[in-house]
Amino acid sequence: MDLQGNIRVLARVRPVLEVERNSGQGTDVTEFPTEVELLVKRDEATRSAFEFDRVFPPSSTQEQVFEGVHPLIVSVLDGFDVAIFAYGQTGSGKTFTMEGDAANPGVNTRAMQTLFELGRQRSNDINYTFTLSVLEIYNESIYDLLSDSATTKGERGRGLDIRQGAAGIIVPGLAAVEVDSMEMVTAQLEQANKARAVGSHDMNEHSSRSHMIVCIHVNGVNAHNGAATRAKLNLIDLAGSERVGKTDASGDRLKEAQNINRSLSALGDVIAALATRSKGSHIPFRNSKLTYLLQDCLSGGGKTLMFCNVSPAAYNLGETICSLNFAARCRAVELG
Ligand SMILES: Nc1ncnc2c1ncn2[C@@H]1O[C@H](COP(=O)(O)OP(=O)(O)OP(=O)(O)O)[C@@H](O)[C@H]1O
């Protein structure tokens, strides 16, 4: 598949949930005229139209959604840094898209399976090793979700730093575990989810206010000539994008909302700056931990895919339009 520039933006609309239908909030405002268009009904007479690289309607399966991601996973094995984001308001389906559940595994599981399978197929020519790290960014601090102390100590400390290393961005001290089977990956991700719950009163609320990043480093050594490739795949479940008005929040809640707004707008700014840059111009990667950490994927030879997750229910209309505008802006500035 032609990757058409370095950023692809895909919209995914989840089904109306039973709880929404039962409470009378199930009116669906979305229409899908083609595979790349999404219409949002503002009222009987007015539609807002959006175009993406692909639009997945509510009937789409996890398998169909992953088909849109597969070419990028292949390119990680070929040495490209890749970032895959799920963006959208709380409850729009980001975690379902990235993690899924046991019956409907999402992008994370399918991506790892694909890496292992393709790695095995190429093993006569290239010897791959895979290393897993899992972290979250909460209130502009980076927390390791795989370190032993993360689950046992019950406190999170100051968080980790980011540095520019000789071979790219690094997080000194971040745990990295070599994995070669899905069983090992599943065990590590379970530990990460436990660590994430530490220090949070309500896991669901906490998860919607932090960015969760699963990072797989892929090192390949050519069996015939010893040539080495290295690349990383970042799988990112972003914090909820909803706007929190000053009147709705105070204290910790307001601080969280401000940090989320700041890092999501930094992401939009970086993408816009990359698109319009002249050679040597400044790209504001360091305006947020998220963009600094993902600098290698967002710039240079890296590739990015963004899911814009959308709720189809009428009561979410304002946030839905906002999310779609953000994602459409990222696509409009597609890198050359
Ligand atoms: N494509 C889908 N098919 C069926 N159910 C879905 C789909 N997408 C989301 N859901 C369901 O919708 C609910 C909200 O989804 P999810 O938790 O993934 O949202 P989220 O955007 O990750 O929210 P948060 O920001 O709170 O983490 C869940 O019950 C989930 O199972």
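Coordinate-derived values only; no laboratory data. Just so we're clear, the structure is a prediction, and the values are computed from it rather than from any experiment. Heads up, the Cβs are rebuilt from the backbone with ideal geometry, glycines too, and the neighbour counts pull from every protein chain shown.
With N set to the residue count of region 7-332, report its C-alpha Rg divided by 2.2 N^0.38 Å to two decimal places.
In units of the globular-protein estimate, region 7-332 measures up at 0.99.
Using Cβ counts within 10 Å as a stand-in for footprinting exposure, how do MET306, MET98 rank, fewest first? All intermediate terms of the calculation are to be shown ahead of the outcome.
On the way: MET306 26, MET98 23.
Listing MET306, MET98 from fewest to most nearby Cβ atoms yields MET98, MET306.
Would you mind counting up the charge near ALA103? Only other residues with Cβ under 15 Å from its Cβ, with Lys and Arg at +1 and Asp and Glu at -1.
-2
Once the piece of chain linking ASN104 and ASN127 is laid out straight, how much longer is it, given 0.36 nm per residue of separation minus the C-alpha distance between them?
Stretched fully, the ASN104-ASN127 segment lengthens by 5.2 nm.
For labels at THR46 and ARG120 in the simple 7 Å Cα→Cβ model, what's the distance in nm?
Going by the 7 Å Cα→Cβ label model, 5.5 nm.
Work out the length of the dipole vector of region 7-332 about its Cα centre, built from +1 on the beta-carbon of each Lys and Arg and -1 on the beta-carbon of each Asp and Glu, and round it to the nearest 20 debye.
Working: 33 positive and 38 negative charges, 208 e Å.
About 1000 debye.
Compute the angle between helix 182-197 and the longest alpha-carbon principal axis of the chain, please, reported from 0 to 90 degrees and rounded to the nearest 10.
It works out to around 60 degrees.
I want to check a number: in the chain, how many lysine pairs have alpha carbons closer than 16 Å, given a sequence separation of 8 or more or different chains? If you can, show how the numbers build up before the last one.
Details: LYS153/LYS194; LYS232/LYS303; LYS246/LYS255; LYS255/LYS289.
Eligible lysine pairs with Cα atoms under 16 Å apart amount to 4.
Can you give the local net charge around SER323? Use residues other than it whose beta-carbon is closer than 14 angstrom to its beta-carbon, Lys and Arg +1, Asp and Glu -1.
That sum, taken over residues with Cβ under 14 Å, equals +4.
Rank these for me by crowding, CYS322, CYS297, CYS215, going from fewest to most other beta carbons within 10 Å.
CYS322, CYS215, CYS297
Work out the length of the dipole vector of region 51-146 about its Cα centre, built from +1 on the beta-carbon of each Lys and Arg and -1 on the beta-carbon of each Asp and Glu, and round it to the nearest 20 debye. Show your work: numbers first, answer last.
Working: 5 positive and 13 negative charges, 41 e Å.
Taking the Cα centre of region 51-146 as origin, the dipole is about 200 debye.
Using the Cβ atoms and a cut-off under 10 Å, what net charge is assigned to the surroundings of VAL29, where Lys and Arg are +1 and Asp and Glu are -1? Before the final figure, lay out the partial values.
Working: positive: LYS41, ARG42, ARG47; negative: ASP28, GLU31, ASP43.
So the surrounding residues net to 0.
Can you give the angle from 0 to 90° between the axis of helix 107-121 and the longest principal axis of the chain, with both taken from C-alpha atoms, to the nearest 10?
30 degrees
Given the rule -39500 (n - 2.57) for each run of at least 4 DSSP H residues, summed and divided by the residues of the chain, what is its mean residue ellipticity at 222 nm, to the nearest 500 deg cm²/dmol?
Here the helix-only value at 222 nm equals -10000 deg cm²/dmol.
How do 87-97, 49-59 rank on mean C-beta neighbours within 10 Å, highest first? Please list the in-between numbers first.
On the way: 87-97: 23.5, 49-59: 17.5.
Ranking the peptides 87-97, 49-59 by packing returns 87-97, 49-59.
If r is the Cβ-Cβ distance from SER181 to SER59 and R0 is 35 Å, what FRET efficiency results, to the nearest 0.05?
0.60
When ILE169, ILE271 are ordered from fewest to most other Cβ atoms inside 10 Å of their Cβ, what list results?
ILE169, ILE271
Can you give the angle from 0 to 90° between the axis of helix 251-276 and the longest principal axis of the chain, with both taken from C-alpha atoms, to the nearest 10?
70 degrees
Sorted by average packing, counted as other Cβ atoms within 10 angstrom per residue and highest first, what order do 61-73, 118-130 take?
Taking the mean over residues of other Cβ atoms within 10 Å, the ranking is 61-73, 118-130.
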